[in-house]
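Peer 1: Following this message is one structure expressed as structure tokens.
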Amino acid sequence: AQKVTQAQTEISVVEKEDVTLDCVYETRDTTYYLFWYKQPPSGELVFLIRRNSFDEQNEISGRYSWNFQKSTSSFNFTITASQVVDSAVYFCALSEIDQTGANNLFFGTGTRLTVIP
Amino acid sequence: DAGVTQSPTHLIKTRGQHVTLRCSPISGHKSVSWYQQVLGQGPQFIFQYYEKEERGRGNFPDRFSARQFPNYSSELNVNALLLGDSALYLCASSLVGSEYNEQFFGPGTRLTVL
């Protein structure tokens with residue numbers, strides 16, 4: 001069975017601090033995808049990154065970086081020099097592809113990040 | 001290009017009523033998925049449709065049903081509404097066959113059941 005755990009329910013940081021959001025996943029599949037989505041107060045889920053299970057390279061995009069480690073089943077997200085606009089709920093998600101081609105997303109419970117000016 | 005659109009934005013119903021939520025995917029996307037997000041929780045998968053066929057179904061009762069139309073838009077129907085059905089209902093579209101499997105989400109329909 002698939003499971004995504006985001007142990008941090010809420011995090012508060014002061015602007016310009018770095019912050020890491022943790023994500024641990026469980027899956028029996030050898031091929032899967034991992035995602036991070038941002039959900040601002042407006043409610044719409046904004047796609048941030050996708051990683052497939054065969055690509056363990058870390059990725060950096062501006063102030064965002066992601067650390068994927070299969071050995072610990074973790075896919076952590078770091079925001080460097082946080083800004084007030086980063087305040088949102090962040091979701092980690094796992095996608096497996098079943099025999100029908102369905103690519104359902106299994107989400108964690110989210111981490112609410114508040115950046116204090 | 002227009003993103004995923006959903007209607008209505010907000011909806012208030014009473015217990016026992018029926019509701020229909022609508023979703024239009026991004027142009028060129030043939031797969032639509034529905035998710036329920038209860039306050040304080042992550043989205044939970046309800047259905048996925050591709051080429052008008054159901055591709056996957058989450059752990060939801062038969063009161064929940066959906067369909068996809070020839071233009072790839074979709075409807076989610078919920079019968080005999082319960083208080084616990086109050087949630088944000090999200091629709092997502094994707095390019096099936098794409099290696100990258102990304103789902104793009106709409107703004108959601110916020111359903112309140114009184």
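The numbers here are math on the coordinates, done by the rules we state, and not lab data. Remember, predicted model here, so these are calculated numbers, not experimental data. Heads up, the Cβs are rebuilt from the backbone with ideal geometry, glycines too, and the neighbour counts pull from every protein chain shown.
Peer 1: How far is the Cα center of the range A:61-117 from the Cα center of the range B:43-68, in Å?
Peer 2: Each part's Cα centre sits 25 Å from the other's.
Peer 1: What are the chymotrypsin sites (Phe, Trp or Tyr not before Pro) within the range A:1-110 that DSSP puts in a loop, where the Cβ has at most 13 other Cβ atoms within 10 Å?
Peer 2: A:PHE54
Peer 1: Continuing with the same structure: Over the alpha-carbon set of the range B:1-59, work out the extent along each principal axis and list the three values in angstrom, largest first.
Peer 2: Extents along the principal axes: 36, 27, 24 Å.
Peer 1: Separate question: At 25 °C and a viscosity of 0.890 mPa s, what translational diffusion coefficient does Stokes-Einstein give for the protein assembly as shown, taking Rh as the Kirkwood radius over Cα pairs? Give it in µm²/s as a whole number. Numbers along the way, then the final one.
Peer 2: Working: Rh = 18.2 Å.
The estimated diffusion coefficient comes to 135 µm²/s.
Peer 1: Please give, to one decimal in nm, the separation of the simple spin-label points placed at B:THR14 and A:ALA1, each 7 Å out from Cα toward the Cβ.
Peer 2: With each label placed 7 Å out from Cα toward Cβ, I get 3.8 nm.
Peer 1: Which log10 I(q)/I(0) values, to two decimals, does chain A give at q = 0.18 Å⁻¹ under the Debye formula with one point per Cα?
Peer 2: So the normalised log intensities work out to -0.89.
Peer 1: Can you list, largest first and rounded to whole Å, the semi-axes you get for the range B:1-103 by taking the square root of 5 times each eigenvalue of its Cα gyration tensor?
Peer 2: Gyration-tensor ellipsoid for the range B:1-103: 23, 14, 13 Å.
Peer 1: Suppose we flag trypsin sites (Lys or Arg not before Pro) only when DSSP calls them loop and at most 14 other Cβ atoms lie within 10 Å. Which is the longest uninterrupted stretch of chain A?
Peer 2: Value returned for the longest uninterrupted segment is A:64-117.
Peer 1: Which GluC sites (Glu not before Pro) in the range A:30-117 pass both tests, a DSSP loop state and at most 11 other beta-carbon atoms within 10 Å?
Peer 2: Details: sites: A:GLU44, A:GLU56, A:GLU59, A:GLU96; in loops: A:GLU44, A:GLU56, A:GLU96.
Of the GluC sites (Glu not before Pro), not one in the loops of the range A:30-117 has a Cβ with at most 11 other Cβ atoms within 10 Å.
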